[in-house]
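Have a look at this one before I ask anything.
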Amino acid sequence: MNISHCMGGVSLPPSATLPAPRMPSSPGSSAPAKTRSTKRPLVAIACALACGSALAQAGAAGSPGGGWQAGAVLDVSASSRALALGQRDRGLALGHSDLSAYGPLGNHLDAQLTAAVHSDHGKYELELDEAWVQTRTLPAGLQLRAGRFASQIGYLNEQHPHADDFVQRPLLYRAFFGDHWTDDGLRLNWTAATDLYLRLGAEVFRGKRLVEEADSASSPGAAVLSARIGGDIGASHSWQAGLSYLHNRRDAGHAHEAEEEGEEAGHHDAHEDDGHGDAHGGHGAAYSGRGLWLGGVTWKWAPDGNNSRQQVRVTYERAVVRKPAGLAGSGDRHRADTLSAVWRFAPAWEVGARTDALSVRIAHEDHVDHGRLREHALMLAYKPTHQQTFRVQATRQRDRGGFEAATQALQLQYILNFGAHAAHAF
């Protein structure tokens, strides 16, 4: 099992992370990106399919010898309740479903375009997910990407959401990145030409999709430095460790205050109507700060490197946010930990468990509250083919202060892949 074949080196196909952002504003505009909503899911899905088909045809016609591919993902879920900081509606809902087209632009560039549709509080949002170009012939292990794409901060953020092992991402990602962070910017990576996998990266973003409304709107608003290292231990074990740092120049004070007001109103309505309340997360980070450190390690085991019948995957990540919004100069911190383990005990069956802990400091006019939330999840997944996943998950949340909407929920999920999609990361 050669680790270099399952990590994001420069020779691999472009990864197709599929987050849920909003439509971009026009160049030079400082207004937040707008989202196009509809209550008619069939109309939204048809628009996404038509857009993706046109993009694929245009790409094939514009590149020597064609080579463009298109694929789609359908994600449907049913939840008994909406979780605190959750990204899934209660009841039957459309998860992050998308259509992507990617391929070469000439001899030196690759490109990807992704349109997505998902449900949010009963409405269906049609969005532009990704639009980027990337070099594939730079020397010395260098690779440059420009456009809209998912940051490679942390272990999960740049991966496809449909490739996740659980119905929703850990509290760490939901609280600090709005579940999945994509933005407009530039990325430069360097991958060492060694047996031991080593990748260093630097990213610069506008930051308006991390903190949509801010007291200050510096541009560029966010920068990420990341390092990943990994390798094999014998024929059955592989590992990867990463460390990332996010410098955020956008003050989320006003955004957080607006969110709190909306949550209070929603929480009042929750007892009367749909049960969302402050349970349901929005776009962008719920808690932010000037600096964020995120480190983690992943270990995988498969007998003789063959994961088709058995595999164990264990991941631990920890994030610390310095100078939380509204607490400038304070020694307070936001913190989050996540630990997950998944066992493929048969070719088509997986079982997994995850535990998350979130600790945040919430500034008010005359005091600071300490918010704490714990979450535990158990899941069972059946994958009859590579294109399909049936998943059932039980999640229990415990409010340790500040998260009155914490609850427990049973969730069912079905994922169906159509056509081609890029290789997954390690």
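Check Leu373, Leu292 and return the single one that is buried (at least 18 other Cβ atoms within 10 Å of the Cβ), over 30 Å from Ala235 (Cα atoms) and out of contact with any Asp or Glu (no Cβ under 8 Å at 6 or more places or on another chain).
Step by step, each of Leu373, Leu292 is checked, and only Leu292 is buried (at least 18 other Cβ atoms within 10 Å of the Cβ), over 30 Å from Ala235 (Cα atoms) and out of contact with any Asp or Glu (no Cβ under 8 Å at 6 or more places or on another chain).
Can I ask one more? Got a number for residues in region 335-392 being more than 22 Å from the chain's Cα centre (by Cα), within 19 Å of Val314 (Cα to Cα) and without any contact (Cβ under 8 Å) to a residue 24 or more places away in the chain?
Residues flagged as more than 22 Å from the chain's Cα centre (by Cα), within 19 Å of Val314 (Cα to Cα) and without any contact (Cβ under 8 Å) to a residue 24 or more places away in the chain within region 335-392 amount to 0.
Can you find even one residue in region 416-426 that is open to solvent by less than 80 Å² (accessible area, probe 1.4 Å) and under 22 Å from Leu85 (Cα atoms)?
Scanning region 416-426 turns up no residue that is open to solvent by less than 80 Å² (accessible area, probe 1.4 Å) and under 22 Å from Leu85 (Cα atoms).
Here is a further query. In the list Gly326, Gly305, which residue meets the criterion of being more than 24 Å from the chain's Cα centre (by Cα), modelled with pLDDT under 95 and surrounded by 19 or more Cβ atoms within 10 Å (Cβ to Cβ)?
Gly326
I'd like to verify a number: residues in region 379-399 that are modelled with pLDDT of 90 or more and either open to solvent by 60 Å² or more (accessible area, probe 1.4 Å) or assigned to a loop (DSSP other than H, G, I, E, B) (or both), how many?
The qualifying residues number 10.
Just give me the residues in region 344-370 being under 28 Å from Asp164 (Cα atoms) and buried (at least 16 other Cβ atoms within 10 Å of the Cβ), in sequence order.
Scanning region 344-370 gives Arg344, Glu350, Gly352, Arg354, Asp356, Ala357, Leu358, Ser359, Val360.
The values are calculated or read from the model by the stated rules, or taken from the named source; none is laboratory data. Computed from a predicted structure; not experimentally measured. Cβ sites come from the backbone with ideal geometry, for glycine too, and all protein chains shown count toward neighbours. Accessible surface is based on the protein model in full, side chains and every heavy atom, while ligands, DNA and RNA are left aside. Shrake-Rupley method; radii C 1.70, N 1.55, O 1.52, S 1.80 Å.
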